[in-house]
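Here's the structure we're looking at; comments come further down.
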Amino acid sequence: MKDATAATSPETIYLKDYRPFAYHIDAVHLTFKLAPTATRVVARLDVRPNADFPGPFFLHGQELKLIWAKVDGKAVTPDVTDTGLTCDVPDAPFVWECEVQISPETNTALEGLYMSNGMYCTQCEAEGFRKITFYPDRPDVMSVFTTRIEGDLPVLLSNGNPVSQGDGWAEWHDPWPKPAYLFALVGGELVNHAGQFTTKSGKDVELNIWVRPGGDEDKCAFGMEALKRSMKWDEDVYGREYDLDIFNIVAVDDFNMGAMENKGLNIFNSSCVLASPETSTDANFERIDAIIAHEYFHNWTGNRITCRDWFQLCLKEGLTVFRDQQYTGDQGSHAVKRIVDAGLIRSAQFQEDAGPLAHPVRPESFIEINNFYTITVYEKGAEIIGMLKRLVGDDAYAKALDLYFERHDGDAATIEDWLKVFEDSTGRDLTQFKRWYSQAGTPRVGVEEAFEDGTYTLTFKQHSRPTPDGSQKLPQVIPMAVGLLSKEGDEVVPTTLLELTEESQSFSFDGLAAKPVPSLLRGFSAPVILERDQSNAERAFLMAHDTDPYNKWSAADALASNVLIGMITEDQAPDAAYLDGLAAILRDDSLDPAFRALMLDLPSDDELARDIAEAGKTPDPMAIHLGLETLRVARAQHLQDLSPRLYAAMQIEGPYSPDAKSAGKRALANAALSMMTRLDGGDAAAKQFEEADNMTNSIAALAQLMNIGKGDAQSAAFRERWRHDKLVTDKWFGLTVSRAAPNDAVATVERLTQEPDFDMKNPNRFRAVFGAFSNNHAGFHHASGAGYRLLGDWLAKLDAINPQTTARLSSAFETWRRYDEDRQALIRTTLEGLAAKEGLSRDTSEMVGRILGNPTS
């Protein structure tokens with residue numbers, strides 16, 4: 001017998017090799033005896049063989065010290081390896097028992113049971129439970145858990161409902177079968193912000209948000225109201241009622257993810273649940289609202305119905321992201337929400353699809369599942385749900401979801417199960433639609449048009465570029481929402497949904513007096529790239545006249561990108577049509593302030609680098625940075641009469657509120673402030689900073705001062721005022737790095753990592769610095785290569801501490817092949833050095849290998 005502590009060699013896991021577990025686990029009883037470096041865990045499992053799929057009795061286990069093991073009360077000596085154990089067991093129902101020892105205090109990877117500032121907490125998704133005890137740690141093994149926790153702590157929490165408690169112990173029972181990844185435990189000195197919710201059937205549910213005493217108690221009220229809104233919304237919209245007596249949320253400072261939907265005991269990154277007007281921005285409030293909703297919605301789409309294996313991750317995550325998007329739209333503006341979501345797909349997800357990290361929404365293989373918690377799985381997975389709803393209609397979608405919950409409650413389901421529900425309830429054949437789950441890459445749709453004798457014909461041709469998996473790209477089902485506008489800007493054909501299924505298809509519209517202007521892909525009806533020759537004049541026309549909010553924004557974004565590329569690569573002047581179009585939009589008070597603020601957004605440095613590369617040219621990060629700044633100044637000058645008036649008109653009297661209407665006004669006011677700052681030397685921004693009574697306006701003003709190379713005094717004051725607030729300090733770190741001048745970015749990061757409160761073990765703090773650094777495009781991609789070396793060195797240090805965070809931040813290098821040969825050589829050297837590091841984790845090894853083009857590394 002040996003301890004399971006050795007490193008695991010990389011092994012590729014394939015979807016095609018799935019096989020059910022050889023045993024059923026009918027009940028799980030766990031006893032925890034908490035101690036920082038010597039926690040004892042006693043597990044008792046009621047086991048019976050799976051007659052349909054016989055096989056060895058194998059339990060996963062990593063970094064566990066086995067103390068003893070028993071089968072039916074008799075001591076046994078299992079064969080223990082670095083991945084788990086096997087044992088001879090009866091060919092009949094039996095009881096498995098074992099005791100292991102683990103060290104939560106030294107668990108810096110933050111997977112399994114670990115400690116965060118003296119508090120015990122867990123993170124078991126995807127494969128963290130195997131670091132707690134020996135168990136079949138796979139999502140298709142579902143069981144009823146009873147947990148006893150012993151420890152000298154006032155608050156001891158686990159899944160389900162409380163059974164009993166006494167001095168130094170508590171017992172919990174979860175009546176709903178669940179996989180081990182949904183297990184949770186928390187123990188610590190905590191205080192609760194309490195609430196109550198009465199379900200539609202009249203059941204009272206106790207609600208708690210738990211935080212550490214002495215600082216965060218006043219930041220829980222918004223989260224509690226968000227939870228109640230989410231519970232009510234899920235009843236009203238999806239008919240889903242909560243199923244336990246209590247719902248607990250715990251805020252944790254050290255957490256790799258945003259939050260975790262553990263049954264009845266959600267564990268949240270503190271940044272995703274704690275909020276106050278003084279410390280949180282409007283964006284923070286909206287994000288917290290959405291994440292609380294997302295994790296609560298998982299109670300049905302993820303917990304009651306989970307995924308059969310991790311290849312089906314998109315089933316629970318894509319559906320739940322789609323549900324939280326619906327919820328957020330209902331709380332504010334569906335148009336604004338759709339633009340934000342589409343913008344994320346068009347930037348980050350399309351980039352992932354086009355690069356070395358491309359993978360299908362349902363991957364065929366992986367080495368480390370943690371590397372597939374991606375924007376493709378989550379957001380593109382949600383887009384697939386949205387397309388399906390668009391194709392079958394709202395009523396059919398609701399009927400199919402009711403059938404899904406009825407048929408699969410308590411199941412570990414697959415994509416096939418999900419689509420079969422829609423086929424059975426609607427009669428549609430979804431065989432071709434299923435390709436959205438299996439084909440990597442972004443479909444491209446070429447568009448040709450013809451007009452003759454009053455008939456306008458659109459011909460669409462779809463194709464997809466090769467991806468690293470080398471898979472064949474077959475035609476997909478693409479819902480294409482189309483409208484037609486007259487030359488005067490009137491809508492002559494309202495939104496019509498066309499269904500593309502072939503490589504080439506034509507659709508005709510009759511009875512038109514003149515050739516119309518097409519408005520294509522309305523509402524971003526599918527995650528595809530349109531390929532169509534379009535003039536700046538037409539973009540300006542759609543920006544002014546399109547009735548579809550997404551297409552109105554998309555036209556402005558495309559026009560801004562085209563103008564910027566001309567400025568950057570051909571030294572052109574800013575296009576007057578773009579500047580005049582913006583002025584018209586900003587003067588239109590019938591438009592939502594939040595929408596007008598979005599219209600002022602410019603493409604990011606990274607998006608421009610992508611577009612320049614798409615045009616067959618090599619992007620120069622410094623030229624892009626200078627081009628963006630030149631256009632910002634030109635806009636400020638062109639709108640200098642309008643900006644102050646707009647800024648004044650959007651001011652809000654009275655106390656702060658994070659509601660969508662107020663947030664939209666602040667967004668537009670701060671967009672106007674950005675333009676004013678480039679002309680007034682920062683006077684208005686300095687005044688706003690001094691007078692701000694909320695974090696949104698305070699940090700917006702500070703950002704504008706930093707943008708023009710000022711604000712040292714304000715930055716120092718901000719830093720000192722919030723020095724003892726971790727979440728606000730994260731904001732300061734991130735802002736300082738992101739606003740650093742390109743030539744100063746590396747030195748800024750080096751200086752900040754020497755600050756006493758820079759803690760590389762804290763994922764929030766590390767991401768605040770190095771996430772912001774990788775997004776400081778010109779600074780990170782400085783021609784010297786210093787940025788690459790700096791990030792590479794820190795990733796090498798972090799990997800030994802937290803492989804999961806390291807692997808995710810390594811994606812900063814994924815676009816390396818678009819740059820010049822010198823930068824490519826510098827990045828390759830950095831990546832190869834990281835790959836060669838002795839003891840590199842499986843997480844980071846897989847990511848670096850894929851980025852370099854060696855997917856089996």
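For the reader, a short list of remarks on this structure follows.
- For region 223-245, a tally of residues being under 20 Å from L190 (Cβ atoms) and in a loop (DSSP other than H, G, I, E, B) returns 2.
- Whichever residue in region 1-19 is at pLDDT 55 or above and either of a type in the set (D, E, K, R) or part of a strand (DSSP E or B) (or both) and, among such residues, is nearest to R842 (Cα to Cα): E11
- Taking (1) farther than 23 Å from P78 by Cα; (2) open to solvent by less than 30 Å² (accessible area, probe 1.4 Å); (3) part of a strand (DSSP E or B) in turn, M115 satisfies each apart from (2).
- Filter result for A335 (in contact with a helix residue (DSSP H, G or I) (Cβ under 8 Å, 6 or more places away or on another chain), assigned to a helix (DSSP H, G or I), open to solvent by 20 Å² or more (accessible area, probe 1.4 Å) and at pLDDT 95 or above): yes
- Helices (runs of 4 or more DSSP H) wholly inside region 368-440 containing at least 3 residues that are crowded, with 19+ Cβ neighbours inside 10 Å and modelled with pLDDT of 95 or more: 381-392, 394-408, 415-426
- Qualifying residue in region 155-172 (condition: in contact (Cβ under 8 Å) with a residue 40 or more places away in the chain and part of a loop (DSSP other than H, G, I, E, B)): yes
- Selection status of G187, out of contact with any Ser or Thr (no Cβ under 8 Å at 6 or more places or on another chain) and modelled with pLDDT under 95: no
Matching residues to (1) at pLDDT below 95; (2) out of contact with any helix residue (DSSP H, G or I) (no Cβ under 7 Å at 6 or more places or on another chain); (3) buried (at least 20 other Cβ atoms within 10 Å of the Cβ):
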position: K228; (1), (2), (3): no, yes, no
position: D234; (1), (2), (3): no, no, yes
position: Y238; (1), (2), (3): no, no, no
position: E241; (1), (2), (3): no, no, no
position: I267; (1), (2), (3): no, yes, yes
position: D282; (1), (2), (3): no, no, yes
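- Restricting region 524-539 to residues that are under 25 Å from T455 (Cα atoms), surrounded by fewer than 24 Cβ atoms within 10 Å (Cβ to Cβ) and not polar (S, T, N, Q), the residue that is farthest from the chain's Cα centre (by Cα): A537
- For region 567-583, the candidate set comprises residues that are on the phi < 0 side of the Ramachandran plot and not in a helix (DSSP H, G or I); within that set, the residue that is surrounded by the fewest Cβ atoms within 10 Å (Cβ to Cβ) is A573.
- Some residue of region 214-222 being open to solvent by less than 20 Å² (accessible area, probe 1.4 Å), farther than 30 Å from G61 by Cβ and not in a strand (DSSP E or B): yes
- Filtering K726, K661 for residues that are modelled with pLDDT of 95 or more and closer than 21 Å to F766 by Cβ leaves a single hit, K726.
- The listed residues are N762, N776, N707, and the only one of them that is of a type in the set (S, T, N, Q), open to solvent by 30 Å² or more (accessible area, probe 1.4 Å) and modelled with pLDDT of 95 or more turns out to be N707.
- For region 829-844, the condition holds for at least one residue, the condition being that it is at pLDDT 95 or above, outside any helix (DSSP H, G or I) and hydrophobic (A, V, I, L, M, F, W, C).
For (1) within 26 Å of the chain's Cα centre (by Cα); (2) among the hydrophobic types (A, V, I, L, M, F, W, C), each residue gets a yes or a no:
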{"site": "L668", "(1), (2)": "yes, yes"}
{"site": "I699", "(1), (2)": "yes, yes"}
{"site": "L705", "(1), (2)": "no, yes"}
{"site": "W722", "(1), (2)": "no, yes"}
{"site": "N743", "(1), (2)": "no, no"}
{"site": "V749", "(1), (2)": "yes, yes"}
{"site": "A768", "(1), (2)": "yes, yes"}
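- Region 784-807, residues that are part of a helix (DSSP H, G or I) and without any contact (Cβ under 8 Å) to a residue 40 or more places away in the chain: L791, D793, K797, L798, T806
- Looking across L586, L564, L559, L598, one residue alone is within 16 Å of R635 (Cα to Cα), buried (at least 18 other Cβ atoms within 10 Å of the Cβ) and free of Cβ contacts under 8 Å to residues at least 24 places away in the same chain. It is L559.
- Residues located in region 449-471, provided they are part of a strand (DSSP E or B), of a type in the set (D, E) and without any contact (Cβ under 8 Å) to a residue 40 or more places away in the chain: E452
The values are calculated or read from the model by the stated rules, or taken from the named source; none is laboratory data. What you see is a predicted model, and the numbers here were worked out from it, not measured in a lab. FYI the Cβ positions are ideal-geometry reconstructions off the backbone, even for glycines, and counts take in every protein chain you see. Please note that ligands, DNA and RNA were not included when accessible areas were found on the heavy atoms of the full protein model with its side chains. Shrake-Rupley method; radii C 1.70, N 1.55, O 1.52, S 1.80 Å.
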